[in-house]
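The values are calculated or read from the model by the stated rules, or taken from the named source; none is laboratory data. Bear in mind that the values here come from a model prediction, so they are computed numbers and not experimental data. Neighbour counts run over all protein chains shown; Cβ positions are idealised from the backbone, glycine included.
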Amino acid sequence: MNILIVDDDSYVIEALQEGIEWPALGIENVYTAYNVKKAKKILEEVPIHILLCDIEMPKESGLSLLKWVREKNLLLQNIFLTSYGDFEYASQAIELQTFSYALKPIAYDKLKEVIKNAIEKEKQALKVRDYQKGYESWIDTEKNRAEEFWKKLLVEKSISSMVDIKKFCQVMDLGYSPDSQFICMTVELFHYKAVFESLGDGMTNWTLKNIAEELFQKENIKIEGIVKKETAVWIFVFSANEGTTPEKVKEVSDSFIQKIEKHFHCTVSCGIGNVCILNQLGEDLVYIETMCRDNVVKENKALILSEYEFKNIAYEPPNFAIWEALIAEGKENDIIRVIGEYLDRLVNRKKVNKEILYQFMMDFLQMVFSVLRQNHIMLHVWEYERFQGEETEEATLSVDHMRTYLEKLIRDTISVMQGVNKTKSVIETITEYMEHNIEKEISRESLAEMVYLNPDYLARLFKKEKGESIGNYLINRRISIAKEYFENTSEPVNAVAVKVGYDNFSYFSKVFKDVTGLTPKEYKKKVEDAKTS
């Protein structure tokens, strides 16, 4: 890693060179420049990874330098170290995607931490760039004739009859005959969001393909094509010649799953079909997908279609009345235990699949809604935050997913119930919020959402606890704080009005007089007269 320090103050550069142990941070070379012109020359000649730069410099500023860096598409992390805390500077720095913005003087330990974090980000950026280069070289051959054929046959399903298949193979010069045999395998990633955010869709696809080719070709299993079906679902097609069987594919798939998990840090599911000729693959794929969807017990293992037993399972719901009572009583450990026992019983009796998990989850959520309503908790807030996220969507993927999801849901439910049932805790929460956000627009509805309560119910609780309505309490606090401003500062009336949440000066004056009997100006003059007398 190389760093370039740019500052027109030679003492600053000398202090940074000598005050930081650069090799300990992983910095091999420290370059310096006293102006932007020299800095540009270095940047054009040497790969710089970290740019530590002043903003205010003669002739050309550090902001101008960073803009030039962005125009040149140089890959580096910029840290501004400046004596000026000007908002405009900071705003421009953010627009130019600076890594950090620090004010002089800064302690060496703090600066070292910033540089250390910048180095880590640069390493990740370099890694992504390397992936990008490999991906770009691969993309030229991605849409080769064979993969285009598999895409049309298995994803688009635009060709299906043997006549159409033979015609397409002849036109594309693929060499497949009606008797050619193949094996399909589906590959699906779970918890993949971080992977796609880090690598992007194209590079994830490229990496998965490379890992597959390395492992399967090593075992003489020929991959005819890999096509993407959905966001995180791929279809692999293997040639079934030369002794390649579903069992052999499974052996390699188990190693493939382990490597994908280690590389992508996510879980993987593989479903392997039967040996088929071309016009049978589409139907076989439907059965593979059904098998994988219904398998909610085994994770991180490849399944073989010929070994899988399809069953019609009747849903056997638990005694939700008892469960509802346990949640209402706040017995967190007891409800988690009985849920675990119920799910284990389904697994042991082989009475569970994706559809069963879905029905169970819907019934469970209805039970939770019932408990929340009984506690006056606003469902529209809770439904959005707790029941519409990625975790809910993934809950039916497996028994373990469901177990994890429900445990978190139970803890959240009981926690919010205990909070709203403690009147003092609720009132303290909203009064503290009003105290620290007095300048903002505050309504009874917004306060109610904060503590997940019905607005009318919150209003009754507040009046019972404080002896006045939320509206009157807020007005009195605002006017009380405004009086403190008038008594202790020389701020003008309009500035004080804004600080206590009134952007309409006339309305502020009216409310102030209603509470104190004086207009703000009269009160301010009264205070000033008292100080001079």
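Only residues that are within 30 Å of V371 (Cα to Cα) and outside the structural domain of K250 (by TED's automatic domain parsing): list them for region 290-315, please.
Residues satisfying the conditions are I313, A314, Y315.
With of a type in the set (D, E) and farther than 20 Å from K499 by Cβ as the only criterion, which of E445, E439, E432 stands out? Steps first, please.
Values: E439 fails: farther than 20 Å from K499 by Cβ; E432 fails: farther than 20 Å from K499 by Cβ.
None of the others qualify; the one that does is E445.
Considering only helices (runs of 4 or more DSSP H) fully contained in region 397-506, which possess at least 3 residues that are touching a residue at least 60 places away in the same chain (Cβ under 8 Å)? So that I can check it myself, show each step before the final result.
Numbers: elements: 399-421, 423-436, 444-450, 455-466, 470-488, 493-499.
Output list reads 399-421.
If a residue must be of a type outside the set (V, I, T) and either touching a Phe, Trp or Tyr at 6+ places or on another chain (Cβ under 6 Å) or outside any helix (DSSP H, G or I) (or both), how many such residues does region 150-167 contain? So that I can check it myself, show each step before the final result.
Applying the first criterion (of a type outside the set (V, I, T)) to region 150-167 yields 150-154, 156-158, 160-162, 164, 166-167.
From what is left, the residues that are either touching a Phe, Trp or Tyr at 6+ places or on another chain (Cβ under 6 Å) or outside any helix (DSSP H, G or I) (or both) are 156-158, 160-161.
The total comes to 5.
In region 317-330, which residues are of a type in the set (D, E) and either in contact with a helix residue (DSSP H, G or I) (Cβ under 8 Å, 6 or more places away or on another chain) or surrounded by 18 or more Cβ atoms within 10 Å (Cβ to Cβ) (or both)?
Listed by number, the list holds a single entry, E324.
It is to be established whether one or more residues within region 9-18 are modelled with pLDDT of 90 or more, more than 17 Å from A125 (Cβ to Cβ), more than 37 Å from the chain's Cα centre (by Cα) and assigned to a loop (DSSP other than H, G, I, E, B).
Looking through region 9-18, none of the residues is modelled with pLDDT of 90 or more, more than 17 Å from A125 (Cβ to Cβ), more than 37 Å from the chain's Cα centre (by Cα) and assigned to a loop (DSSP other than H, G, I, E, B).
Name the residue, out of M203, M185, that is modelled with pLDDT of 85 or more and either touching a Pro at 6+ places or on another chain (Cβ under 8 Å) or within 26 Å of K250 (Cα to Cα) (or both).
Values: M203 fails: modelled with pLDDT of 85 or more.
On inspection, the qualifying residue turns out to be M185.
Does V352 fit the bill of being touching a residue at least 12 places away in the same chain (Cβ under 8 Å), in a helix (DSSP H, G or I) and more than 24 Å from I221 (Cβ to Cβ)?
Values: touching a residue at least 12 places away in the same chain (Cβ under 8 Å): yes; in a helix (DSSP H, G or I): no; more than 24 Å from I221 (Cβ to Cβ): yes.
For V352, the condition - touching a residue at least 12 places away in the same chain (Cβ under 8 Å), in a helix (DSSP H, G or I) and more than 24 Å from I221 (Cβ to Cβ) - is not met.
From I322, I313, I304, I221, which residue is within 27 Å of S177 (Cβ to Cβ), more than 35 Å from the chain's Cα centre (by Cα) and of a type in the set (A, V, I, L, M)? Spell out the reasoning first.
Details: I322 fails: within 27 Å of S177 (Cβ to Cβ); I313 fails: within 27 Å of S177 (Cβ to Cβ); I304 fails: more than 35 Å from the chain's Cα centre (by Cα).
After applying the criteria, what remains is I221.
All but one of (1) surrounded by 15 or more Cβ atoms within 10 Å (Cβ to Cβ); (2) in contact (Cβ under 8 Å) with a residue 12 or more places away in the chain hold for T519; state the number of the condition that does not hold.
Only one criterion is unmet by T519, namely (2).
Can you list residue pairs whose Cβ atoms sit under 8 Å apart, with the first residue in region 311-328 being part of a helix (DSSP H, G or I) and the second being among the acidic types (D, E)? Count only pairs 6 or more apart in sequence or on different chains.
F320/D363; L326/D334
Given V252, V275, V268, which one is at pLDDT below 90 and among the aliphatic types (A, V, I, L, M)? Working first, answer last.
Numbers: V252 fails: at pLDDT below 90; V275 fails: at pLDDT below 90.
Matching residue, one of V252, V275, V268: V268.
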